[in-house]
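First the structure, in the form of structure tokens, and then the observations on it.
The numbers here are math on the coordinates, done by the rules we state, and not lab data. Please read all numbers here as calculations on a predicted model, not as lab measurements. Cβ: placed from backbone, ideal geometry, glycine included. Neighbour counts: every protein chain shown.
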Amino acid sequence: MTSHAPETTTDYREAAAADTPQRRRPPSTVDPMAALDEAEVLEIERELVRLPEVEIARLVTDNTGLLVEVHIVANSAKHPKQVVRDVQSVALASFGLEVDRRIVSVVQLDGGFADVAAADPQAAERVTIESVSAEITGLRCLVKVGLGRGGVAAIGYAEGSVATSARFRLVAAATVDALRQLEPVAECVDIDAAQIVRAGNLDVAVVTAVFVTLPSEQVVAGSAVVTAHDESGAVVRAVLDATNRKLVRLARET
């Protein structure tokens, strides 16, 4: 009778794992596949806004804590693809977090007057927002918007109902009133509608305005992301976004 040596079984997966170098992550980092808690999300957002081109960063996780969306509001200093790469680099280098570029969305704010001035220094200086306030008396609301340009300040007024549906239109109308003081051609501008809408994980002010240049009328639109819960400020910026370029062209023609 032939005796057989006892069989030995090799687990090739374990052997391969033993021969494969383990990926090293920077100390105090987040596991790329681990669930993120609220504190980690806030820490990553704070780090992302340190990038010069990033103004707002919001991370969205699913109900298990896995990262599913990254929303970035940036200036126009870099191409959106480069902004995405910068976000990925910061997340990986600082936290060991691998971010799929497909879940990153980038919104770039328009420079408005600044863009026109860069192309033609004589065209116009950028309009800045100085103040936004509202005074409520009974059922009436008086909105004041202060704008400035080239050292000249202007305050616009609009009065109407305290109804929530009317509030944003009053802010937009007061903004146009201030613009008319800074740029006389803005006399042809009127507000059609102003509201706050939800876009993904962000609130965005959207304004439509009408330029009346007889015998025709032209409707333009502008938008601005709501930051720091300042809805009125976003409405003012949306008005400027809608009207800046058109006002510069009209001023040149007069």
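Please find the FRET efficiency linking R58 to E187, where r is the Cβ-Cβ separation and R0 is fixed at 35 Å, and quote it to the nearest 0.05.
Result of the calculation: an efficiency of 0.35.
Could you please report the charge total around V226, scoring K, R as +1 and D, E as -1 over all other residues with beta-carbon less than 15 angstrom from its beta-carbon? All intermediate terms of the calculation are to be shown ahead of the outcome.
Details: positive: R58, R167, R198, R237; negative: E55, D203, D230, E231, D241.
Residues close to V226 contribute a combined charge of -1.
Sorted by packing (mean other beta-carbon atoms within 10 Å per residue), highest first, where do 48-61, 226-239, 167-180, 131-144 land?
Values: 48-61: 16.7, 226-239: 20.6, 167-180: 24.5, 131-144: 13.9.
Those peptides, ordered most packed to least, come out 167-180, 226-239, 48-61, 131-144.
Can you compute the FRET efficiency between L142 and E69 using 1/(1 + (r/R0)^6), with r the Cβ-Cβ distance and R0 = 51 Å? Round to the nearest 0.05.
Efficiency, from the Cβ-Cβ distance: 0.80.
Determine the gain in length on full extension of the stretch V212-S165; use 0.36 nm per residue of separation and subtract their C-alpha separation, reporting nm with one decimal. Could you put the intermediate results ahead of the total?
Values: separation 47, 0.36 × 47 = 16.92 nm, distance 2.47 nm.
Here the answer is 14.5 nm.
Express in whole angstrom the spacing between the alpha-carbon centres of the stretch 171-247 and the stretch 136-158.
Measuring centre to centre over Cα atoms gives 15 Å.
Work out, step by step, the length gained on full extension between H229 and A93: first 0.36 nm times the residue separation, then minus their alpha carbon distance; give nm to one decimal.
So the chain would gain 45.9 nm between H229 and A93.
Apply the Debye scattering formula to the stretch 29-108, with a single equal point scatterer on each alpha-carbon and no solvent, then give log10 I(q)/I(0) at q = 0.13, 0.24 Å⁻¹.
Taken in order of the listed q values, log10 I(q)/I(0) reads -0.33, -1.16.
Could you run the Debye sum over the Cα atoms of the stretch 113-253, one equal point scatterer each and no solvent, and tell me log10 of I(q)/I(0) at q = 0.11, 0.14, 0.22 Å⁻¹, two decimals?
Here log10 of I(q) over I(0) equals -0.38, -0.62, -1.41.
What shape does the stretch 124-207 take by its C-alpha gyration tensor, where a ≥ b ≥ c are the square roots of the eigenvalues and a/c under 1.5 counts as rounded, a/b above b/c as prolate, and the rest as oblate?
Values: a/c = 1.83, a/b = 1.28, b/c = 1.43.
It comes out oblate by the Cα gyration axes.
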